[in-house]
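Novice: Take this structure, written in structure tokens, and hold onto it; I'll ask about it next.
Every number in this text was worked out from the coordinates using simple rules, so none of it is lab data. Just so it is clear, the model here is predicted, and its values are computed rather than measured. A quick note on method: Cβ atoms are made from the backbone with ideal geometry, for glycine too, and the neighbour counts reach across all protein chains shown.
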Amino acid sequence: MGELIGLVTVVLIFGTPFFAMWTRYRLERERLRQEKTDKAFGQIREELAQVRETSTQYALTFEEALQRMERRLESLEDRVNAIESVQARRQL
């Protein structure tokens, strides 16, 4: 029984610091992994924000182009209608 107590004492004396170092190592490794993950997510967020901005700019540019084409088409329709009404009056 005395040998068992001596063995347990030795294991506790040398095992406790080893366990503390191992736990600290695991915590540090997890902290570093979390920092890498946070940095990667930050970069992804920035890229996503840039893509959103670019797509918004393209959408606005496309909308402006459509509005210009609508105005031009309306102008052409008005001119054609005016020409047709003048020609119709001439034929009467």
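Novice: Name the residue from Val86, Phe62, Leu76 whose Cα lies farthest towards the positive end of the charge dipole of region 38-92, charges +1 on Cβ of Lys and Arg and -1 on Cβ of Asp and Glu.
Specialist: Most positive-ward Cα: Val86.
Novice: For region 1-75, what does the equivalent ellipsoid look like in terms of its semi-axes, each the square root of 5 times an eigenvalue of the Cα gyration tensor, given largest first in whole Å?
Specialist: 71, 8, 4
Novice: Let me ask you something else. Counting Lys and Arg as +1 and Asp and Glu as -1, each charge on the Cβ, what is the dipole of the chain about the Cα centre in debye, to the nearest 20?
Specialist: The calculated dipole for the chain is roughly 100 debye.
Novice: Also: Select from Thr16, Thr61, Thr37 the residue whose mean-square fluctuation is largest in a Gaussian network model of the chain (Cα-Cα springs shorter than 10 Å).
Specialist: Maximum fluctuation in the GNM of the chain, among the listed residues, is at Thr16.
Novice: For Ser75 paired with Leu12, estimate the spin-label separation in nm (one decimal), with each label point 7 Å from Cα along the Cα-to-Cβ line.
Specialist: For Ser75 paired with Leu12, the spin-label model returns 9.4 nm.
Novice: Can you list which of the GluC sites (Glu not before Pro) found in region 19-78 are DSSP loop residues with at most 16 other C-beta atoms within 10 Å?
Specialist: The qualifying sites: there are none.
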